[in-house]
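Remarks on the structure that follows.
The values are calculated or read from the model by the stated rules, or taken from the named source; none is laboratory data. All values derive from a computational prediction rather than experimental measurement. Cβ: placed from backbone, ideal geometry, glycine included. Neighbour counts: every protein chain shown. For accessibility, only protein heavy atoms count, side chains too; no ligands or nucleic acids. Shrake-Rupley method; radii C 1.70, N 1.55, O 1.52, S 1.80 Å.
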Amino acid sequence: MNAGTRSLRGGVRVAVLALLWGSTFLWIELALRGLSPLQVTFVRCLLGALVLTVACYVSGRRMPRGLTVWRHIAVAAFFCNALPFALFSLGQQTVDSGLAGVLNATTPLWSIALGLALGSERGLRPVRLAGLLLGFAGTIVILAPWQSAGATGWGALAILGAAASYAVAFTYMGRTLVRRGTPTISLSAAQLVAASGLTAVALPVGGLDSIDPGPAVVVAALVLSVFCTAITFHLTYRIINDEGATNAAVVGYLLPVVSVLLGAAVLGESLSVRVVLGMAVVLVGVGLTRRKDAVAAAAARSDEGAAQDARPASAESTTAAADPATPPTARRGALENAV
């Protein structure tokens, strides 16, 4: 596959992910009209797990095996699925869907803050530090704690907690699960299965309320589960695995724009000038924090392209044959080519 085709495919994947992920907050808002927050969380985890499990076995993959892998999957499922899904549903009881998407865009800022706290983010350049401070300043502008009518309620704090939980999860997934020989479809399916179990345990706390499953609520729950959870989660895993954090950051720039536009067009939500200004400040801050990652990723892609151009065809075939993520039929063909 040439560089142009790879770039086009990556761009399409990012665009689809931004559209699906950005619309998540709209479907949560609609599902909450007939389901409790914990019920919304459980349904999207359960149906999403079912879709990905079927896709996993249809593609010839298997669920991960081994206690150690499943222990990592359980931790990732808590911080990447069960906890943030519940916090988003709880928060959107008082926060509009568009604003929820804007607050979710702070995830990269929490990632930098987490790296500083853990000591993994050393030698923070002035530009990235300025981006971090600018991003959190934009968040304060959005929340407007100096106004009694500002978005300072527990709902906004819950959504910020969900964004921070994503940052913890992505760091943990990158260190313990990604690029360790397990296909991404297997990892994403197993993680949603674990999240379903974690959420089921919490159902007696607030998930046994009566429900009102009208047609709009059912459609919203299905779209949220299949498209905005199963497909989106798997695409996120693929981006983390294949392209690192840079393209995921691009999704973060597009996501709040999608959520705001859909909230305004479908639900009639409005945003004040202050919130729009705060969103712009947050996105500029996020962009500044990603500068080093973008430069490093570009250099890595350049080196990879040069290495691929210099690699003999037989070496490519041998590599494909040895890759555990390569389908069996492709491995057989690669072995034949290598021979």
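Brief remarks on what is shown
- Between A100, A137, A74, the distinction of being over 21 Å from P256 (Cβ atoms) and part of a helix (DSSP H, G or I) belongs to A74 only.
Quick grid of which residues meet (1) among the hydroxyl-bearing types (S, T, Y); (2) exposed (fewer than 15 other Cβ atoms within 10 Å of the Cβ); (3) modelled with pLDDT of 95 or more:
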| position | (1), (2), (3) |
| --- | --- |
| M1 | no, yes, no |
| G4 | no, yes, no |
| S7 | yes, yes, no |
| L19 | no, no, no |
| G22 | no, no, no |
| I28 | no, no, yes |
| S36 | yes, no, no |
| L52 | no, no, yes |
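- Single unsatisfied condition, P215 versus (1) open to solvent by 10 Å² or more (accessible area, probe 1.4 Å); (2) within 18 Å of L83 (Cα to Cα): (2)
- Among (1) open to solvent by 70 Å² or more (accessible area, probe 1.4 Å); (2) closer than 24 Å to L32 by Cβ; (3) assigned to a helix (DSSP H, G or I); (4) at pLDDT below 85, the one test that L157 misses: (4)
- Members of the range 78-88 that are over 14 Å from the mean Cα position of the chain (by Cα) and buried (at least 24 other Cβ atoms within 10 Å of the Cβ): A86
- Scanning the range 201-244 for residues that are closer than 30 Å to T182 by Cβ, over 18 Å from the mean Cα position of the chain (by Cα) and modelled with pLDDT of 95 or more returns A221, L222.
- Residue match in the range 178-192 (condition: assigned to a helix (DSSP H, G or I), open to solvent by 50 Å² or more (accessible area, probe 1.4 Å) and either out of contact with any Pro (no Cβ under 6 Å at 6 or more places or on another chain) or among the acidic types (D, E) (or both)): no
- Scan of the range 62-73 for residues that are touching a helix residue (DSSP H, G or I) at 6+ places or on another chain (Cβ under 6 Å) and either open to solvent by less than 40 Å² (accessible area, probe 1.4 Å) or among the hydroxyl-bearing types (S, T, Y) (or both), ordered by number: M63, P64, I73
- Hits in the range 38-50 (condition: of a type outside the set (K, R), under 19 Å from the mean Cα position of the chain (by Cα) and open to solvent by less than 30 Å² (accessible area, probe 1.4 Å)): V40, T41, C45, G48, A49
- For the range 103-134, filtering for residues that are crowded, with 24+ Cβ neighbours inside 10 Å and outside any helix (DSSP H, G or I) leaves 2.
- Answer from S186, S210, S225, S196 - the residue that is of a type outside the set (D, E) and either without any contact (Cβ under 8 Å) to a residue 12 or more places away in the chain or on the phi > 0 side of the Ramachandran plot (or both): S210
- Only one entry in S225, S196 is among the polar types (S, T, N, Q), over 22 Å from V75 (Cβ atoms) and either outside any loop (DSSP other than H, G, I, E, B) or in contact with a helix residue (DSSP H, G or I) (Cβ under 7 Å, 6 or more places away or on another chain) (or both), namely S225.
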